[in-house]
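A.B. asks: Structure provided below as structure tokens; questions to follow.
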Amino acid sequence: MSIDYYQNHAATFFDDTVDVDMAPLHRRFLSLLRNPAHVLDAGCGSGRDALAFATLDCAVTAFDASPALVELAEQHCGQPVQCLRFQDVTWQSEFDGIWACASLLHVSEPELPEVMQRMRDALKPRGILYASFKYGRGEREHHGRRFTDLDEPGLAALLRQVTGLEEVETWTTGDRRPGRESERWLNTLLRRTD
């Protein structure tokens with residue numbers, strides 16, 4: 001359902017998100033990574049963050065599930081972007097950091113523990129995963145997209161179903177898009193424990 005939405009609205013989504021300033025979150029994430037870092041932009045959307053990380057001397061691998069967004073992201077960040085779903089990730093101990101900004105929230109609640117395990121397995125030992133979810137609890141559908149919302153207890157319950165991943169820091173922020181500051185986001189930084 002969500003992939004169809006992004007296929008049909010790729011250009012609008014790109015325009016709405018490509019220029020959002022994510023630098024404060026980038027800094028918080030990158031401060032925990034070794035330098036130089038290999039970063040996976042998981043569900044990269046417009047390619048905004050992949051380009052930012054590459055500019056900051058990271059090696060970047062990026063993927064998105066929408067072929068239309070993959071094409072736009074490749075044009076924007078000037079590097080290959082893979083067309084891949086979270087459920088199909090098979091990397092093992094590959095990345096210093098995984099950036100999953102507003103992307104894991106499209107994974108259904110029943111599938112989320114297995115997907116989080118895949119993210120953990122793709123990290124190098126002591127690697128860092130950043131993820132953000134709309135603040136709330138449970139699954140919902142909104143204008144053709146499915147969302148899994150999380151709050152702090154929901155995140156804690158999710159992490160109890162994933163082995164080898166510990167919480168470093170969790171906090172809430174407003175949306176960084178103009179006019180949407182009242183929308184709340186749950187941000188979390190997680191570390192592979194071995």
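The values are calculated or read from the model by the stated rules, or taken from the named source; none is laboratory data. This is a predicted model, so every value here is computed, not measured. So basically every Cβ, Gly included, is an ideal-geometry build from the backbone, and we count neighbours across all protein chains shown. Ligands, DNA and RNA are stripped out before the accessible areas are found, and what is left, the full protein with its side chains, is counted by its heavy atoms. Shrake-Rupley method; radii C 1.70, N 1.55, O 1.52, S 1.80 Å.
A.B. asks: Somewhere in region 33-43, is a residue more than 15 Å from the chain's Cα centre (by Cα), under 19 Å from residue 187 (Cα atoms) and modelled with pLDDT of 95 or more?
C.D. replies: yes
A.B. asks: Moving on to the next point. Across region 49-59, which residue is nearest to residue 96 (Cα to Cα) among those that are outside any loop (DSSP other than H, G, I, E, B) and out of contact with any Asp or Glu (no Cβ under 6 Å at 6 or more places or on another chain)?
C.D. replies: 59
A.B. asks: Residue 46 fails exactly one of the following numbered conditions: (1) part of a loop (DSSP other than H, G, I, E, B); (2) open to solvent by 40 Å² or more (accessible area, probe 1.4 Å); (3) not aliphatic (A, V, I, L, M). What is the number of that condition?
C.D. replies: (2)
A.B. asks: Let me ask something else. Suppose we filter 126, 120 for residues that are of a type outside the set (A, V, I, L, M, F, W, C), assigned to a helix (DSSP H, G or I) and closer than 27 Å to residue 34 by Cβ; which single one remains?
C.D. replies: On inspection, the qualifying residue turns out to be 120.
A.B. asks: Collect the residues in region 106-132 that are open to solvent by less than 10 Å² (accessible area, probe 1.4 Å) and either of a type in the set (Gly, Ala, Ser) or closer than 24 Å to residue 54 by Cβ (or both), keeping them in residue-number order.
C.D. replies: Listed by number, the residues that qualify are 119, 122, 123, 127, 128, 129, 130, 131, 132.
A.B. asks: Could you grab the pairs with beta carbons closer than 7 Å, sequence gap of 6+ or different chains, first residue in region 65-93 and exposed (fewer than 14 other Cβ atoms within 10 Å of the Cβ), second one assigned to a loop (DSSP other than H, G, I, E, B)?
C.D. replies: 87/111
A.B. asks: In addition: Does region 161-193 hold any residues that are open to solvent by 30 Å² or more (accessible area, probe 1.4 Å), touching an Asp or Glu at 6+ places or on another chain (Cβ under 8 Å) and at pLDDT 95 or above, and which are they?
C.D. replies: Scanning region 161-193 gives 170, 191, 193.
A.B. asks: Of everything in region 27-43 that's in contact with a Leu (Cβ under 8 Å, 6 or more places away or on another chain) and either without any contact (Cβ under 8 Å) to a residue 24 or more places away in the chain or not in a helix (DSSP H, G or I) (or both), which residue is surrounded by the most Cβ atoms within 10 Å (Cβ to Cβ)?
C.D. replies: 39
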